[in-house]
1. Evaluate the relative contact order of segment 3-256 (contact order divided by residue number), counting alpha-carbon pairs under 8 angstrom at least 6 apart; express in whole percent.
2. Can you give the helix-only mean residue ellipticity at 222 nm for the chain, where every DSSP H stretch with n ≥ 4 adds -39500 (n - 2.57) and the sum goes over all residues, rounded to the nearest 500 deg cm²/dmol?
3. On a C-alpha basis, how far is the centre of segment 143-219 from the centre of segment 1-47 in Å? Whole number, if you could?
4. If the elastic network links every pair of Cα atoms under 10 Å, which of 69, 55, 230 fluctuates the most in the Gaussian network model of the chain?
5. If each of residue 189 and residue 256 carries a label point 7 Å out from its Cα toward its Cβ, how far apart are those two points in nm?
6. If you build a Gaussian network model of the chain, linking Cα atoms that sit under 10 Å apart, which residue out of 174, 16, 160 swings the most?
7. I need 15, 138 ordered by Cβ neighbour count within 10 Å, fewest first.
8. Pick from 143, 236, 74: which is most flexible by mean-square fluctuation in a GNM of the chain where alpha carbon atoms under 10 Å apart are linked?
């Protein structure tokens, strides 16, 4: 079920939250709020499509409400003390319950979903990172995300347009972080590094620069490419075209980076 496209370059793109597939037996247990799938990273795979050649991509079609592949498999919080959503979210990003009463997954079901959906995604991502590193001596994972720019439950005010996450610089070589920062700074968009989003479990798990494995997360504010951050989550061609130019510059820089 995991969708993999292999390239021969050093860059790997991860797409953990673009999927909208929910198995029917799980969908039946979601309440009306949950069934809207509002927390999808809408159209992110379209934004990045064709921007750089010879790139490897790894994507799960399964929605994050089934299980969030960008969370630690043991359920440990990425942001202790802050509002967030877990391995299997119980609420949406606004803090509203997404399951029918008494339909919250128990521990046994969490483990079953981890085995069925979380583990295969990371097995595929691990395989591709190792394949790329074997070819080049290093691999760069760029984890692709987007989120609404205003979510009071998760953060105050308005999110910057481009949010770079490297877990405080721990997940990649300094030159990778700097090159992405420079491309963002030249774009005209607002940007921050290691602000509210410092990199999810994927970035933190795979980012081991001492082993030649580098990882960086990009969290895009959806206002940069959607007509509006409400259903039906319409892709705005003009906004997206401008954003894609910046994303192309970022990916070109990462593809050309060498240790």
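No value in this document is a laboratory result; all are computed from the given coordinates. This is a predicted model, so every value here is computed, not measured. For neighbour counting, all protein chains shown are included, and Cβ atoms are generated from backbone atoms with ideal geometry for every residue, glycine included.
1. 22 percent.
2. -8500 deg cm²/dmol
3. 20 Å
4. Sorting by GNM fluctuation, first place goes to 230.
5. Taking the two extended label points, one gets 1.9 nm.
6. Comparing 174, 16, 160 in a Gaussian network model of the chain, the most mobile one is 174.
7. Placing the least packed residue first, the sequence is 138, 15.
8. 74
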